[in-house]
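Asks: Once you've had a glance at the structure underneath, I'll fire off some questions.
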RNA sequence: GGAGAGUUGGCUGAGUGGUCGAAAGCGUCGCACUCGAAAUGCGAAGUGCCGGCAACGGUACCGAGGGUUCGAAUCCCUCACUCUCCUCCA
């Protein structure tokens, strides 16, 4: 949510930010609505002031036994009150319209985010690892993994497309990956392990910006709750409506949870394989920090995600997303893309974003600086560390052998109960 | 699912339909005392919004939203959440 005061102070900068996001200028429309609301407020407040004054006088008149004066004042208040409801209604409606308008606008990019409208504008920052050279033609996981226990047909029977049924060694490998990742993030990177609700209310979904704009991407329960599309939703909302002591910051939380996505807008994309599912496991990394610390925290968080890929010896590249390709809540985002030899391309496996105070405003999460009076909004960050399902895909494709088997990366062996290779 | 009790400022916690933005305590900040600190004493201090260059004035806020009333933290209704008991249950 944007701060209306900043828009008032510098509408040109606001429109320039929107333009970088590929949006038309809106400051004029917003400020007109804002001015109209404020004019109404002033008018209403003048009426209320007179009403309050008259009410006090009524009390005094009654006390002194001046019935006539009291009745005259009551008549005046009654008259004031006939005009008031319409004005208050207008004010409510206009304010709601203004807030709806603001709630639908994405966060704006910071200065060092490159221009660009889509993924072609993203800038490669770094590359790690060398893609393996194969002495055979590497296959896509969708072609050889079913023989190893990644079963789409069984899942389709009961659940339809975009689900998988993992069996035996394959299920074990996915579980091992989740355990390995959450251990690294808690033991090495200093995140606190959390187990969170997988369903949240409207308010929470609004706070992390899945609502109101992206409701079609979520699954909803029969009693009106939302299945989390990422544990960013449940972790970040842990501090909603809180006033945190400065000494508590930074707060770093992680969770290994299933994520549920309707994939409404992605018909036809990644329909084969395990890349894009309605349900997948992910280790999420959320940080709540002081404003001055969020830039450094984004670097730290991204590094925590990179470390997992390096431990698994999976080649990747680090992308700085351009203004037009960032998620709704982000002011700056790094994507990590893992090398998939079967697809001969890099694919997103982690996305780490600094949201600034954008989510904090929606959640009303503040902190109290030591010695200072007043509260400030915190900054929030989130990132995947990593998406477990896609990491499974990366391991299958990068560690595949000519005979259709897959070697287990050394870092995972302690989690595999003696299995060193997946075999058909 | 049933019954009851609650939700008040940074925290704990009083509160009679008008004098309540709200006692008291804790914590915070300033000053005094002190070489310094502690202790003590004195004092200050809620947040949003509107108007104003400002001083300041107005308005709203006692879980959320409605209602009654000239006037609501206080009375009524709905909802959310917390706690207790019963019921059910992995």
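Asks: For the stretch A:256-275, does any single residue satisfy the condition of being in a helix (DSSP H, G or I) and surrounded by 22 or more Cβ atoms within 10 Å (Cβ to Cβ)? So that I can check it myself, show each step before the final result.
Replies: Start the filter on the stretch A:256-275 by keeping residues that are in a helix (DSSP H, G or I), which leaves none.
No, every residue in the stretch A:256-275 fails to be in a helix (DSSP H, G or I) and surrounded by 22 or more Cβ atoms within 10 Å (Cβ to Cβ).
Asks: Only one of (1) under 30 Å from residue A:211 (Cα atoms); (2) surrounded by fewer than 16 Cβ atoms within 10 Å (Cβ to Cβ); (3) within 13 Å of RNA strand B (Cβ to nearest atom); (4) modelled with pLDDT of 80 or more is not met by residue A:48, so which one is it?
Replies: (1)
Asks: Now for a separate question. Would you be able to say whether some residue in the stretch A:240-247 is more than 13 Å from RNA strand B (Cβ to nearest atom), buried (at least 16 other Cβ atoms within 10 Å of the Cβ) and under 23 Å from residue A:327 (Cα atoms)? I'd like the intermediate steps shown before the answer.
Replies: Of the stretch A:240-247, the ones more than 13 Å from RNA strand B (Cβ to nearest atom) are none.
Taking every residue of the stretch A:240-247 in turn, none turns out to be more than 13 Å from RNA strand B (Cβ to nearest atom), buried (at least 16 other Cβ atoms within 10 Å of the Cβ) and under 23 Å from residue A:327 (Cα atoms).
Asks: Taking the criterion of being under 22 Å from the mean Cα position of the chain (by Cα) and surrounded by 15 or more Cβ atoms within 10 Å (Cβ to Cβ), would at least one residue in the stretch A:88-96 satisfy it? Steps first, answer last, please.
Replies: To start, the set of residues in the stretch A:88-96 that are under 22 Å from the mean Cα position of the chain (by Cα) comprises none.
Checking the stretch A:88-96: not a single residue is under 22 Å from the mean Cα position of the chain (by Cα) and surrounded by 15 or more Cβ atoms within 10 Å (Cβ to Cβ).
Asks: Only one of A:61, A:54 is surrounded by 15 or more Cβ atoms within 10 Å (Cβ to Cβ), more than 9 Å from RNA strand B (Cβ to nearest atom), at pLDDT below 85 and in the same structural domain as residue A:99 (by TED's automatic domain parsing). Can you tell me which? Give the steps one after another, and end with the answer.
Replies: Numbers: A:54 fails: more than 9 Å from RNA strand B (Cβ to nearest atom).
Being surrounded by 15 or more Cβ atoms within 10 Å (Cβ to Cβ), more than 9 Å from RNA strand B (Cβ to nearest atom), at pLDDT below 85 and in the same structural domain as residue A:99 (by TED's automatic domain parsing) holds for just one of A:61, A:54, which is A:61.
Asks: Can you name every residue in the stretch A:207-232 that is surrounded by fewer than 19 Cβ atoms within 10 Å (Cβ to Cβ) and not in a loop (DSSP other than H, G, I, E, B)?
Replies: A:215, A:216, A:217, A:220
Asks: Would you check if there is a residue in the stretch A:382-398 being over 26 Å from residue A:260 (Cα atoms) and within 16 Å of RNA strand B (Cβ to nearest atom)? Even if it seems obvious, please write down each step before you answer.
Replies: Keep residues of the stretch A:382-398 that are over 26 Å from residue A:260 (Cα atoms), which gives A:398.
Still in the list and also within 16 Å of RNA strand B (Cβ to nearest atom): none.
No: the stretch A:382-398 contains no residue that is over 26 Å from residue A:260 (Cα atoms) and within 16 Å of RNA strand B (Cβ to nearest atom).
The values are calculated or read from the model by the stated rules, or taken from the named source; none is laboratory data. This structure is a prediction, so every number in the text was calculated from the model and none was measured. With ideal geometry, Cβ positions are generated from the backbone for all residues, glycine too; neighbour counts draw on all protein chains shown.
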